[in-house]
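Structure first, then comments.
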Amino acid sequence: MSLPAPKPPASRGGDGFAGKVAVLIAILATIGTLFGFIGNSSYNEAALLKNSAAIDKTSAANAWNHYQAKSNKQNLAELATNLPGVDHVHYRSEVLRYQREKDDIRVEAERWEASSAAFSAQSEEALHRHRQWSLASVAQQIAISLAAVALLARRTWLLGATVTVAAFGLVIGAFAWLHAEPSPLVAAPFVAAIVAMLGVELFKTLGRRAAQNRG
């Protein structure tokens with residue numbers, strides 16, 4: 001009687017669960033890298049806009065200093081119109097000239113201030129988008145860690161938690177892409193899903209222990 005031929009050792013390539021998790025980790029790593037790159041671009045944009053705001057703010061300050069200098073000269077000209085023995089007509093015309101120059105300088109200074117305020121607002125918006133992209137990237141990194149644990153522990157519920165966290169990161173990334181402000185309740189469905197998965201796994205564990213105790 002011949003002995004049965006020994007079976008070859010199982011190949012890791014046939015492990016469907018591990019293959020799926022590996023593909024998921026690769027996808028999450030790619031998405032996280034993309035989110036991080038866009039977030040860094042938003043941060044650089046915010047820094048450039050903040051620099052432009054500072055330059056325009058300095059220009060506005062210079063314009064207001066010029067305005068103050070013209071005001072001082074106008075005050076001296078007005079004082080001269082009340083002095084005896086001077087050309088009153090000349091100094092009255094000087095007062096009017098300084099007033100026209102002051103009006104032009106004031107318009108210029110206000111224009112610089114408005115430009116600086118606009119750049120500051122754009123910088124804050126870009127910085128806010130940077131924080132959103134960073135949060136989305138962090139969510140992908142957490143999802144990758146959960147996927148690695150799921151692969152080692154062979155727990156499908158951990159894989160579900162991985163997908164939930166990754167989906168949360170994708171939602172935050174979508175809000176950042178649309179320049180929209182997410183509601184604080186946007187995380188509620190994802191938290192509820194994770195809590196539900198933990199609860200199901202807990203009940204399964206308690207059920208297995210109860211069955212072992214009865215056995």
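Values in this text are rule-based calculations from the coordinates and carry no lab data. The shown structure was predicted, so the numbers you read here are calculated from the model rather than taken from an experiment. A quick note on method: Cβ atoms are made from the backbone with ideal geometry, for glycine too, and the neighbour counts reach across all protein chains shown.
Between ASN65 and GLU124, the distance separating the two model label sites (each 7 Å from Cα on the Cα→Cβ line) works out to 2.7 nm. Place +1 on the Cβ of every Lys and Arg and -1 on the Cβ of every Asp and Glu in the stretch 79-181, take the dipole about the Cα centre, and give the residue among TRP177, TYR91, ILE144 whose Cα lies farthest towards its positive end. Farthest along the dipole direction, towards plus: ILE144.
Under 12 Å from the Cβ of ALA60, count the other residues' Cβ atoms, weight Lys and Arg +1, Asp and Glu -1, and hand me the total. Let's see the in-between values first.
Values: positive: LYS57, ARG106, ARG111; negative: ASP56, GLU108, GLU110, GLU113.
Overall, the nearby charge balance is -1.
Highest mean packing first, where packing is the average number of other Cβ atoms within 10 Å per residue, the peptides 135-144, 30-39, 43-52 line up as 135-144, 30-39, 43-52.
Given a Förster distance of 30 angstrom, what is the FRET efficiency for LEU96 paired with ASN51, based on the Cβ-Cβ distance and rounded to 0.05? Mind dumping the intermediate values first?
Numbers: r = 40 Å, r/R0 = 1.32.
After rounding, the FRET efficiency stands at 0.15.
Between LEU178 and ARG154, the simple label model (points 7 Å from Cα in the Cβ direction) yields a spacing of 4.2 nm. Taking the Cα centroid of the stretch 27-59 and of the stretch 105-167, what is the distance between the two, rounded to the nearest whole Å? Value for the Cα centre distance between the two parts: 11 Å. Couplings for the stretch 104-115, taken from phi via the Karplus curve 6.51 cos²θ - 1.76 cosθ + 1.60 with θ = phi - 60°, read 5, 5, 4, 4, 5, 4, 5, 5, 5, 5, 5, 5 Hz in order; Gly and Pro are left as x.
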